[in-house]
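What follows is a short report on a single structure.
The values are calculated or read from the model by the stated rules, or taken from the named source; none is laboratory data. Predicted model, so just to flag it, every value in this text is computed and none were measured. Every residue, glycine as well, gets a Cβ built from its backbone with ideal geometry; the counts of neighbours run over all protein chains shown. Surface areas here come from the heavy atoms of the whole protein model, side chains and all, with no ligands, DNA or RNA. Shrake-Rupley method; radii C 1.70, N 1.55, O 1.52, S 1.80 Å.
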Amino acid sequence: MDGGTQDARQVEQIPESCLEMLSTREVVERYERMVYAIALTHTRCRGDADDAYQETFLAYHRRQPELRSEEHRKAWLITTTLNCARQISGSSWRTRVVPLGEEGRQVAPEQFEFASIEQNALFGALKALPQAYRTVLVLFYFEDQTVAGIAGLLDVSISTVKMRLSRGRARMRELLTGGVFDD
Amino acid sequence: MTEKIFGEMAEQMRPSNEVRSDLFARIEADGAPAAPSPGEQEPAAPSPGEQEPAAPAPSPAGHPRRLHRWFLGAAAAVVAASLLIPAIGGADAPSRSDPIPSSVGAGAASGDYGALYAAVLDASRRSAAKGWRTGMAAGVSDTGLAWAGEAVPAAAPAANESLTNTQVEGIDESDIVKSDGRTLFVAKGKEVVLLAAAGAATRELARINTENGGAAPSAKDGLVLQGPVVDLMVSGSTLVVFVTEYRARESALGEGVVPGTEPTAYVPFDASQTKALLYDITDPTAPRLRTSLGQSGAMTTSRLVGSLLYLVTEYVVTDPDAIKADDAKTFVPALSEGTRTAAMKASNCWLVPQSQGPHYTVVTSIDVAAAKRVDAVSVLGGSQTVSMSTSNLYLAATINDAPAADLVRAGAPKDITSTALTQLTRIALADDGQLSLAAQGSIPGSVLNQFALDEYQDHLRVATTIAGQNRKKRWVERTALYVLDAQLKTVGSLPSLVKNETVQSVRFLGQVGYVVTFKQVDPLFTVDLRDPAKPVVLSALKVPGFSAYLHSWGEGRLLGFGRQGNSKGETNGLKLSMFDTSDRLAVAQITAKEIRFDGSEALSNHHAILVAPDSGLIGVPVTLWSGEKQRLRYLVYRYQPQTGFELAKKIALNTGNDGRAPRVRGLLIDNHLYLASAVQVKVLSIADFGEAATVTLKN
């Protein structure tokens, strides 16, 4: 399904084969990794990611949204996770508060750690991107969304998605060849 | 990046078992969801193309959200910094432009709280509707996160000359390390360390704790916290210390939650005000607070001309629900002196045609000698970049969703769509410190940093990168140069200096501008700006890699510092370059020196590099990763025409307790080189770069 071209309120009967009746628990099991990946890359620390992950599935459970297909379910979860992560990260413009360690350096609340230095470096660089680029890169590379799919999810034009992809890639390249470890 | 790594990472991104079980427990506790009856169905989940479903409200009593303990009374919450926007200085600009209110664009009238209230409310609604997507402006210059201020690069010391590497002579820029030639001032967390700059006898004299006495935060109820020292400035016998205060967004606490009773709750903190603390340092062993002058918002930058200090902050109205029509303090910035606070007068608040959200740029002038604020002006519209000459202060805001009509009016190229706009505002600076909004204008593209704007002989020169989609739906980038008059109308331009390259660095030096762009090679363009209506490209020099920073090195010489590159367009390592600019039509690279290190703060912050053409010295801090640790070195190069760049000394510096490299500044004072960070101060003699003293700054 291409979210961008789907008409809003189609009332036709949907063949059952397009949407499995899953219990919330089964939905969690199927989409946990996807939701958590988006949560992790859009919040500051592990605790916040945990919160966003839980709030997303709780919302799914409570609202029982009317879905037209599996693709639609996936899209609903993606959009809700992004919203939760945004709300949790607070929308204070460009400022964050973190605990103070010694000598005035910030001590980050517990961060998620990957297995290898390379993966952690990539994650660090990703987190250092402005959020607009980061979302597009995460959806493209981690969730295998198409450019059109991303445009639909974020309600922006395809050209904007492409622009953010290319800028995001360029910025990642910059960060990974030296910028991110400066200071 | 190979595709494999994404799959490997994705597999690992799962919550802990504990978190998952907790979720299942909560789902169980909720019970089976009521099966919706035909008439009362939950409204169809909007397809992703429509309005996003609202984020779920915090769950009702029973499962409070996880809290960060530090919120509840712990001393140590600190801001992890807003994006620090480098300030701009202008080139020599002798004449003063008179304020011309009539040229200000439509809708910029102020003077009315009612109009401001409506504008802020509207801006809040618009930005809320767009949601988080407009949170981070894509055009913000990438200086990265700034911690406790920034290091001051040292220039060759003269009696009153700033030891900071500034863009414009005569305009000092704030930084994390400052000196008046006798005393060193180093920002360290919430403290400022004062040291005697005495060569081998360098030692700590005193410390200022910004949380004590008159400087203390305005409220002690756990809802107001103070961040670390952001920046410093020295003027005569006064040290100005900038700190930012943060206030918890109480509306986010939710109803019925009282701090201290609930075990956990999440609350965002917003930068409520930035204070300039003025200390008398006639006796550096006993600094004395004279006054505390605050203004709403987080610090953008500060400049000093003579004894007039200009402070620029960015203030966001974060809580639309708290805006009340009859209380100006809820929708306009406030100014404070000591503990007294008052909302800014409506006549000092201006609106701009395109505001990207409910944020103000607040500019104040402070007479440091008299320890009094002179004037204040705020513009509802915000800005990402600030540039200053001795006569004017320019605000540049990147607008990403400008309507097509505005793009056309600004002169955007017709063959590219969805480009950004840079909205410029000129604030005239009078000799007595009075501020007035003088002009507004727009140009296509986004500016890189403060060096991309420069005032010269009543004209503003700006280099931008214009990026967008062309008719074939391909992504294109273009470098452009604009020359604007005092009314900020474009009088001359080079709309397409080069295609498919972005601006990496700019330096305007009088009648000539140097622009470095980059795709695979690094063309250094020399532009003749003698006729404002007809800028002309004189030459283009191509070298691999790119210079992130350009500095004049005497007559006919230009120094560049940046990244090394190869023929494939990949960058690795750093480099120093010297260019011969004596023949503008044939600028050539004389020599270059490769520096095999990962990175340097100097790539994004000109304060970090020390350039002293008189002594032929260049100093730069560099970092490299060694396993899990970061190593920090300070490299001193000597440049001589016959021998080119020679590494004079490589100095190892300590990292912090967290294993990260702190910011370093190098200062040349008398016959010594002082390398100062929040961790230690190392003193070397210039003669042989032998170590004269090392002072560890204990916590």
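Taken over the range A:111-125, residues that are facing chain B (nearest Cβ under 9 Å), within 14 Å of B:Arg14 (Cα to Cα) and in contact (Cβ under 8 Å) with a residue 40 or more places away in the chain amount to 1.
Restricting attention to the range A:120-137, the residues that are among the polar types (S, T, N, Q) and farther than 16 Å from A:Ile158 by Cβ add up to 2. Applying the criterion of being outside any loop (DSSP other than H, G, I, E, B) and modelled with pLDDT under 90 to the residues of the range B:201-225, the residue that is surrounded by the most Cβ atoms within 10 Å (Cβ to Cβ) is B:Leu225. Set side by side, the residues B:Asp319, B:Asp367 differ, and just one is open to solvent by 10 Å² or more (accessible area, probe 1.4 Å), away from chain A (no Cβ under 14 Å) and in contact (Cβ under 8 Å) with a residue 60 or more places away in the chain, which is B:Asp367. So, in the range B:606-624, of the ones that are in contact (Cβ under 8 Å) with a residue 40 or more places away in the chain and among the small types (Gly, Ala, Ser), which residue ends up nearest to the other protein chains (Cβ to nearest Cβ)? Checked the range B:606-624; the qualifying residue nearest to the other protein chains (Cβ to nearest Cβ) is B:Ala608.
Checked against (1) crowded, with 24+ Cβ neighbours inside 10 Å; (2) outside any strand (DSSP E or B), B:Arg426 passes all but condition (2).
Going by the structure shown, is B:Tyr360 at pLDDT below 90 and part of a strand (DSSP E or B)? It is true that B:Tyr360 is at pLDDT below 90 and part of a strand (DSSP E or B). Checked against the criteria, B:Ala252 counts as surrounded by fewer than 24 Cβ atoms within 10 Å (Cβ to Cβ), among the small types (Gly, Ala, Ser), part of a helix (DSSP H, G or I) and modelled with pLDDT under 90.
Please indicate, with yes or no, whether at least one residue in the range B:339-357 is on the phi > 0 side of the Ramachandran plot and either basic (Lys, Arg) or open to solvent by less than 10 Å² (accessible area, probe 1.4 Å) (or both).
yes
What helices (runs of 4 or more DSSP H), lying completely within the range A:120-183, carry at least 1 residues that are farther than 29 Å from B:Ala548 by Cβ? Helices (runs of 4 or more DSSP H) meeting the threshold: A:147-154, A:158-176. Could you list, in sequence order, the residues of the range B:413-454 that are among the charged types (D, E, K, R) and more than 26 Å from B:Ser307 (Cα to Cα)? Of everything in the range B:413-454, those that are among the charged types (D, E, K, R) and more than 26 Å from B:Ser307 (Cα to Cα) turn out to be B:Lys414, B:Asp415. Just checking, does the range B:484-491 include any residue being assigned to a strand (DSSP E or B) and at pLDDT 90 or above? Looking through the range B:484-491, at least one residue is assigned to a strand (DSSP E or B) and at pLDDT 90 or above.
Being at pLDDT 80 or above and of a type in the set (Ser, Thr, Tyr) is the requirement here; does B:Ser547 meet it?
Here the answer is no, as B:Ser547 does not meet what is asked.
Do we find a residue being over 23 Å from the mean Cα position of the chain (by Cα), part of a strand (DSSP E or B) and within 14 Å of chain A (Cβ to nearest Cβ) anywhere in the range B:463-474? Yes, because at least one residue in the range B:463-474 is over 23 Å from the mean Cα position of the chain (by Cα), part of a strand (DSSP E or B) and within 14 Å of chain A (Cβ to nearest Cβ). Out of B:Ser378, B:Ser383, one residue alone is within 29 Å of B:Ala276 (Cβ to Cβ), at pLDDT 90 or above and of a type outside the set (A, V, I, L, M). It is B:Ser378.
Considered as a group, the residues in the range B:174-200 that are part of a strand (DSSP E or B) and in contact with a helix residue (DSSP H, G or I) (Cβ under 7 Å, 6 or more places away or on another chain) include one that is farthest from B:Met388 (Cα to Cα), and that residue is B:Lys188.
Here the range B:322-338 is the region considered, the condition is being under 18 Å from B:Tyr113 (Cα atoms) and among the charged types (D, E, K, R), and the residue that is most open to solvent (accessible area, probe 1.4 Å) is B:Asp326.
To keep it simple, each residue is scored yes or no on (1) assigned to a helix (DSSP H, G or I); (2) surrounded by 22 or more Cβ atoms within 10 Å (Cβ to Cβ).
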position: A:Val27; (1), (2): yes, no
position: A:Arg33; (1), (2): yes, no
position: A:Ala37; (1), (2): yes, yes
position: A:Arg44; (1), (2): no, no
position: A:Ala52; (1), (2): yes, yes
position: A:Phe57; (1), (2): yes, yes
position: A:Arg62; (1), (2): yes, no
position: A:Leu67; (1), (2): no, no
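Of all the residues in the range B:398-409, those that are surrounded by fewer than 15 Cβ atoms within 10 Å (Cβ to Cβ) and not in a loop (DSSP other than H, G, I, E, B) number 4. Checking B:Arg563 against (1) open to solvent by 10 Å² or more (accessible area, probe 1.4 Å); (2) within 14 Å of chain A (Cβ to nearest Cβ); (3) in contact (Cβ under 8 Å) with a residue 40 or more places away in the chain, which single condition isn't satisfied? The single condition B:Arg563 does not satisfy is (1).
Scan the range A:167-180 for residues that are open to solvent by less than 30 Å² (accessible area, probe 1.4 Å) and within 24 Å of B:Arg478 (Cα to Cα) and jot them down.
Answer for the range A:167-180, where residues must be open to solvent by less than 30 Å² (accessible area, probe 1.4 Å) and within 24 Å of B:Arg478 (Cα to Cα): A:Gly168, A:Met172, A:Leu175, A:Gly179.
Could you tell me whether B:Ala412 is of a type in the set (A, V, I, L, M, F, W, C), modelled with pLDDT of 80 or more and assigned to a loop (DSSP other than H, G, I, E, B)?
yes
Go through the range B:662-699 and give me each residue that's of a type outside the set (A, V, I, L, M, F, W, C) and assigned to a strand (DSSP E or B). Result: B:Arg665, B:Gly666, B:His672, B:Tyr674, B:Gln680, B:Lys682, B:Ser685, B:Glu691, B:Thr694, B:Thr696.
Being modelled with pLDDT of 85 or more, buried (at least 24 other Cβ atoms within 10 Å of the Cβ) and β-branched (Val, Ile, Thr) is a description that applies to B:Val312.
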